[in-house]
Amino acid sequence: MSFPRDARPVEISDDVIRLGQFLKLAGLAESGAEARELVTEGEVRVNGEVDTRRGRQLHRGDVVSVDRPQGSESATVA
């Protein structure tokens, strides 16, 4: 499984963060509604695998990618 090399680190304040919250924090989604839509439509990958659970708990080191028409954007939980 390969991870994007250009994934920028995004600091979190707790030990875990939910996927929907992280999408907003990392700027991968502009709102909770957009985060929900991206996750529901299967446009979000966590550690290289599609995840459709907006409430999934992420831990430091997890890589989140969003597929967009202009390409993929990625961020790492730091």
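Summarise the accessible area of segment 8-77 (1.4 Å probe, protein heavy atoms) by the percent that is carbon and sulfur.
On the way: 1660 of 3940 Å².
Ligands and nucleic acids excluded, carbon and sulfur reach 42 percent.
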When the label point is put 7 Å from the Cα of Val50 along its Cα-to-beta-carbon vector, which residues of segment 5-38 have a backbone N closer than 17 Å?
36-38
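Using the per-residue mean of other Cβ atoms lying within 10 Å as a proxy for protection, in what order, highest first, do the peptides 32-40, 65-73 fall?
Numbers: 32-40: 15.8, 65-73: 12.6.
Highest mean packing first, the order is 32-40, 65-73.
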Consider the candidate values (i) 37, 23, 21; (ii) 29, 26, 19; (iii) 63, 27, 22; state which one is Cα extents along the principal axes in Å computed from the structure displayed.
(ii)
Solvent-accessible area per residue for the chain (1.4 angstrom probe, square angstrom):
61
Inter-site label distance for Ser13 and Thr40 at 7 Å from Cα along Cβ, in nm
2.9
Only Lys, Arg (+1) and Asp, Glu (-1) charged, at Cβ; segment 8-77 dipole about Cα centre in debye:
100
Let me check against my output: what whole-number percent is the relative contact order of the chain, with C-alpha pairs under 8 Å and at least 6 apart?
37
In nm, give the distance between the simple-model label positions of Gln57 and Gln70, each being 7 Å from the Cα along the Cα-to-Cβ direction.
3.6
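The values are calculated or read from the model by the stated rules, or taken from the named source; none is laboratory data. Computed from a prediction, not measured in an experiment: that's the story for all the values here. Cβ sites come from the backbone with ideal geometry, for glycine too, and all protein chains shown count toward neighbours. Quick note on the areas: whole protein, heavy atoms, side chains included, nothing else; ligands and nucleic acids left out. Shrake-Rupley method; radii C 1.70, N 1.55, O 1.52, S 1.80 Å.
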